[in-house]
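Participant: Okay, here's the structure, questions in a sec.
Since every read-out is calculated from the coordinates, none of them should be taken as a lab result. Quick caveat, the model's predicted, so the values are computed rather than measured. Glycine also receives a Cβ, built like all others from the backbone with ideal geometry; neighbour counts cover every protein chain displayed.
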Amino acid sequence: MSEPTGRGRKAANGEDSIYWDKSKNRFVGAVSLGYTPAGKRHRPKVSGKTKTEVRHKLRELKKELDAGVKPSASYTVAEAVSDWLDKGLKGREETSIGTYRILADTHIRPYLGAARLRELDADQLDEWLEGRAAVLATQSLRMIHSILRRAIGQGQRRNKVVRNVAELVQVPEGRAGRPSKSLSLQQGEAVLRAKEGTWIHAYVVLSLLVGVRPEEARPLAWTHVHIDSQEGERPHVDVWRSVRRHGDTKTRKSRRSLAMPNQVATVLTAYKAGQVAACAAAGAPWTDERLVFPTAEGQQRSSLNVRRNFRSLLKEAGFQDPQSWVPRELRTSFVSLLSDHGIPIEVIARVVGHSGTDVTEKVYRKQLRPVISEGAEAMDTIFSSGPVTVDSPPET
């Protein structure tokens with residue numbers, strides 16, 4: 001584009017001005033807003049290939065200013081996401097923040113990071129989401145869209161942008177996600193016999209037969225495990241805290257006390273006796289404040305540590321592909337085995353701490369059977385027949 005000829009009327013003080021910037025090879029429009037507290041002239045600018053385009057952008061800029069927004073022509077998606085990650089997630093669990101950061105670094109910044117929020121439109125977001133749908137599952141797509149929407153929303157609340165363009169697009173269907181699995185009865189019998197006498201055996205017995213979450217089992221202390229219950233009271237475990245930032249359970253209904261099947265009480269009694277004996281041999285005082293599944297140093301185990309030991313147990317149990325399983329699937333198996341035995345979905349939801357039956361039905365339950373009875377009593381019945389001979393490694 002060649003430089004336009006002719007001179008227009010010089011803008012008066014306080015008026016908008018449009019001029020040709022030879023270095024940018026574009027028209028530039030500026031709004032005069034006086035001076036900053038530091039004495040520097042405050043003139044937000046826009047640019048375009050034609051004067052008509054610049055006039056349109058100046059009108060939009062004035063609308064933003066009238067709405068109390070302090071737009072920055074250079075405020076990018078990457079900056080908005082960074083601001084949200086740094087300031088918009090206070091009180092959230094570190095693992096959740098880490099997940100958001102990884103998703104943003106992998107799927108948002110490389111594709112949209114340099115885009116200026118004032119110029120970002122719905123068509124660009126549709127194209128971005130369609131591209132990510134080829135490599136991400138639907139749930140992950142929803143997460144990255146949510147990150148962007150919440151990041152721009154924070155920019156709105158801080159008067160940096162007028163509209164949230166992410167609210168104008170719909171998330172497409174992504175790739176099929178990895179379905180969770182459930183142990184069969186034969187597989188359940190096999191894992192309950194593997195590595196007997198070890199902490200991971202006790203962990204598996206508790207998780208499979210009581211249905212606690214991994215983040216509830218790892219911080220569990222003996223003060224919440226009631227093996228020697230009062231007369232007429234069944235042995236039980238208080239699931240009252242987790243590894244979340246504030247130590248509380250996932251939801252109000254997740255805070256629950258669960259009766260133990262006899263097999264769990266028997267295993268935990270012997271396991272605790274071993275811990276007490278080891279403590280006495282080391283000359284250390286015993287206290288029920290100690291963790292049920294601690295490391296050798298007495299610290300809480302990481303999820304990675306539990307997963308590694310769990311897969312080692314599966315290998316001993318004869319699983320052909322232990323790497324394809326995760327500890328959380330013990331809880332999925334708990335729900336499925338109860339359902340297979342005929343426990344009502346409403347009872348299962350209450351036992352596992354769900355606020356309703358929807359998640360239990362759609363995510364956890366893998367078999368559907370008629371209604372019969374409840375919880376710990378059912379697990380005693382399910383696994384009461386003694387060891388089962390496994391002729392060949394269980395299918396995974």
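Participant: Quick check: Cα centre of the range 157-175 to Cα centre of the range 255-333, how many Å?
Facilitator: The range 157-175 and the range 255-333 have Cα centres separated by 44 Å.
Participant: Give the Debye-formula value of log10 I(q)/I(0) at each listed q (0.24 Å⁻¹), with one equal scatterer per alpha carbon of the range 77-168, two decimals each.
Facilitator: Ignoring solvent entirely, the Cα scatterers give -1.35.
Participant: How do 270-277, 309-316, 203-210 rank on mean C-beta neighbours within 10 Å, highest first?
Facilitator: 203-210, 309-316, 270-277
Participant: Next up: What does the highest-first list of 292-305, 322-335, 146-159 look like by mean Cβ count within 10 Å? Could the numbers behind the result be given before it?
Facilitator: On the way: 292-305: 13.2, 322-335: 20.2, 146-159: 18.3.
In decreasing order of mean packing, 292-305, 322-335, 146-159 become 322-335, 146-159, 292-305.
Participant: Please compute the net charge surrounding Ser207, taking Lys and Arg as +1 and Asp and Glu as -1 over other residues with Cβ under 10 Å from its Cβ. Before the final figure, lay out each step's value.
Facilitator: On the way: positive: Arg213, Arg328, Arg331; negative: Glu216, Glu329.
That sum, taken over residues with Cβ under 10 Å, equals +1.
Participant: Pull out the extension gain between Glu94 and Gln323, defined as 0.36 nm times the separation in residues minus the alpha carbon to alpha carbon distance; nm, one decimal.
Facilitator: Residue separation times 0.36 nm, minus the Cα-Cα distance, leaves 79.9 nm.
Participant: Taking 7 Å along the Cα-to-C-beta vector as the label spot, tell me the Glu233-Ala114 distance in nanometres, rounded to one decimal.
Facilitator: 6.6
Participant: Please compute the modelled spin-label separation between Ala280 and Thr266, points set 7 Å along Cα→Cβ, answer in nm with one decimal.
Facilitator: 2.4
Participant: Lys24 to Asp123: FRET efficiency via 1/(1 + (r/R0)^6), r the Cβ-Cβ distance, R0 30 Å, to the nearest 0.05?
Facilitator: Numbers: r = 25 Å, r/R0 = 0.83.
After rounding to 0.05, the efficiency reads 0.75.
Participant: Report ³J(HN,Hα) in whole Hz for each residue of the range 316-323, in order, from the Karplus equation J = 6.51 cos²θ - 1.76 cosθ + 1.60 where θ = phi - 60°; Gly and Pro get x.
Facilitator: Karplus values, whole Hz, x for Gly and Pro: 5, 6, x, 6, 6, 9, x, 5.
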